[in-house]
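> Sharing a structure below in structure tokens format, with a few things to ask.
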Amino acid sequence: MFILSVLGFFRGFASFNYNIMNNKNMNKTIKNNNDLVITSGGVENNNALVLWGTNLYSTTGERYTKYELSIVKLPNNIKSVMVGVILSDGHIALHSKGKNAYLIFNQSLAKSAYVYFIFDYLNHYCQSYPSLNTRYNTKKPSSILRIATRSMPCITELHNNYYVNKIKTINNSIYDDLTPIALAHWIMGDGTFSSSVILCRDSFTVKEIILLINVLMIKFKIKSIVRYHWKKYPRIYVCKESLPKLRLIVQP
């Protein structure tokens, strides 16, 4: 279904008017959101209709009103990235001064390239750039990069679906939410490789791990089994014969 991002359109249109009024070289071509090319002679339609979510731009440094926050939604491709982040090392927290939630994603400096790769997708929902922080839950303090979205109703919807009493949970909706994009980010954020791919989601229960294994098998025909880490934490071990199929699914 092709729809236009209303908020992005009006913000882009206002920016276009400002650029035209203040641009001395009126023959200069201005590219707006990669879907319209604006010239001094008007608007040239390269792709009059674009898939919602592919023309979103960074809104870092901007402040949204409550009404603007209420109409911002998650396109499927962005939701898939967020679901993959939630399945790995990301988490959603409720804002202490409001009813809405925000997504947080922390990674070590060694994974800074991946952090900015994620931020390139989520910057439409972030007010600030990734920040450098210090983590103290190890023997030595370590530096991490943190991405945090705004507190938004669309993030609250994800929180309500994946959290019960502030504990991350998995329910039957994961069948629809676990897309190839989500699976790829789950592996990149929380996967390891020895003789095969291991998904190290130590905070999930055995029942939730079995549910995820069933989804991998039924939806993607990927065979996997449960293996315990330190005889305590259930993890997903992808069977070797399913690696070629897994690679075809997530590599694009």
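The values are calculated or read from the model by the stated rules, or taken from the named source; none is laboratory data. Please read these numbers as outputs of a predicted model, since none were measured by experiment. Note that each Cβ is placed from the backbone with ideal geometry, even for glycine, and that neighbours are counted across all protein chains shown. Areas reflect the complete protein model, heavy atoms only, side chains present, ligands, DNA and RNA absent. Shrake-Rupley method; radii C 1.70, N 1.55, O 1.52, S 1.80 Å.
> Rounded to a whole number, what % of the accessible area of the range 74-152 do carbon and sulfur atoms account for, probe 1.4 Å?
51
> Given the pairs LYS139/LYS232; LYS139/LYS166; LYS140/LYS223, which span a C-alpha to C-alpha distance of over 30 angstrom in this model? Mind showing how you got there, number by number?
Details: LYS139/LYS232 22 Å; LYS139/LYS166 26 Å; LYS140/LYS223 38 Å.
Listed pairs above 30 Å: LYS140/LYS223.
> Residue by residue through the range 194-206, what is 3J(HN,Hα) from phi via Karplus (6.51 cos²θ - 1.76 cosθ + 1.60, θ = phi - 60°)? Round to whole Hz and write x for glycine and proline.
10, 8, 7, 7, 10, 9, 8, 9, 5, 7, 8, 7, 4
> Quick one: accessible area per residue over the range 79-225, 1.4 Å probe, rounded to a whole number of Å²? Walk me through the intermediate numbers first.
Values: 7230 Å² over 147 residues.
On a per-residue basis, the range 79-225 sits at 49 Å².
> Per the 1.4 Å probe, what fraction of the accessible area of the range 192-252, in percent, lies on carbon and sulfur atoms? Let's see the in-between values first.
Numbers: 2330 of 3790 Å².
In the range 192-252, the share of accessible area belonging to carbon and sulfur is 62 percent.
> Collect residues whose amide H, placed 1.01 Å from N in the peptide plane, falls under 5 Å from the amide H of MET152; neighbours closer than 5 in sequence don't count.
For MET152, the qualifying residues are ALA101.
> Same structure again: State, as an integer percentage, the relative contact order of the range 82-239 based on alpha-carbon contacts under 8 Å between residues 6 or more apart.
22
> A further question follows. Cβ under 15 Å from LYS79's Cβ, LYS79 left aside: what net charge do those residues give with Lys, Arg +1 and Asp, Glu -1? Provide the component values of the computation, followed by the final result.
Values: positive: LYS73; negative: GLU157, ASP176, ASP177.
Surrounding charge for LYS79 is -2.
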